[in-house]
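Here the structure comes first, spelled out in structure tokens, and everything after it is commentary.
Computed from the coordinates by the stated procedures, all read-outs in this text should not be read as laboratory data. What you see is a predicted model; the values in this text were computed from it and never measured. Cβ coordinates were reconstructed from backbone atoms using ideal geometry, including for glycine residues, and neighbour counts include every protein chain displayed.
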Amino acid sequence: MPKHIVSGIKYLAAIELRKKGLSQQEISNEIGVDRSTISHYLNGRNLSYESIELAKTILDCSNKDLLAIFNVLFDDVDTIRTFVSIFSKNHYDAKVTNSCIGCGLCVDLCLVKSIDMDSLKAQINPLYCCGCLVCVESCPTNSIKILEV
């Protein structure tokens, strides 16, 4: 079943990227599917409508739940980052205050690996932050603020 879910998600990603003006080859390169499959997606052939409906339901989840599901479905961080960026409706800016003690808990928990330690202080790359708030919820000093921009 997970392959069907992934197929539904890739179909929806292809549709989103086409709306943004990408060519079939660019879509193929972006989501890692051969060009003929993209052609089938965009022309409505060989689709599993149940998989697409399930994928739509998954995409309606909270950012935290969506990220957890993507973590199960996709094998690597780069793929997760790609799909998060395709479907993300919002962008986030992250602030780490001076109260950060450099415990590294946020680094370990971030599924998109957007947090690094620099001089014993967490640094968050907003390019990859998906607003799941796992880091905020787990920070023992409440040093992390995620702002929607």
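Please specify each residue of the stretch 25-51 satisfying the condition of being touching a Gly at 6+ places or on another chain (Cβ under 8 Å) and crowded, with 19+ Cβ neighbours inside 10 Å.
SER51, the sole residue that qualifies.
Going by what's in this entry, would LYS64 be described as in contact (Cβ under 8 Å) with a residue 24 or more places away in the chain, among the basic types (Lys, Arg) and within 26 Å of LEU22 (Cβ to Cβ)?
no
If you take the residues of the stretch 109-135 that are out of contact with any Ser or Thr (no Cβ under 9 Å at 6 or more places or on another chain) and not aliphatic (A, V, I, L, M), which of them is surrounded by the fewest Cβ atoms within 10 Å (Cβ to Cβ)?
It comes out as SER119.
Just to be sure I understand, how many residues within the stretch 91-136 are part of a loop (DSSP other than H, G, I, E, B) and at negative phi?
Residues meeting the conditions: 18.
If only one of ASP93, ASP60, ASP76 is in contact with a strand residue (DSSP E or B) (Cβ under 8 Å, 6 or more places away or on another chain), under 25 Å from LEU111 (Cα atoms) and surrounded by fewer than 14 Cβ atoms within 10 Å (Cβ to Cβ), which one is it?
ASP93
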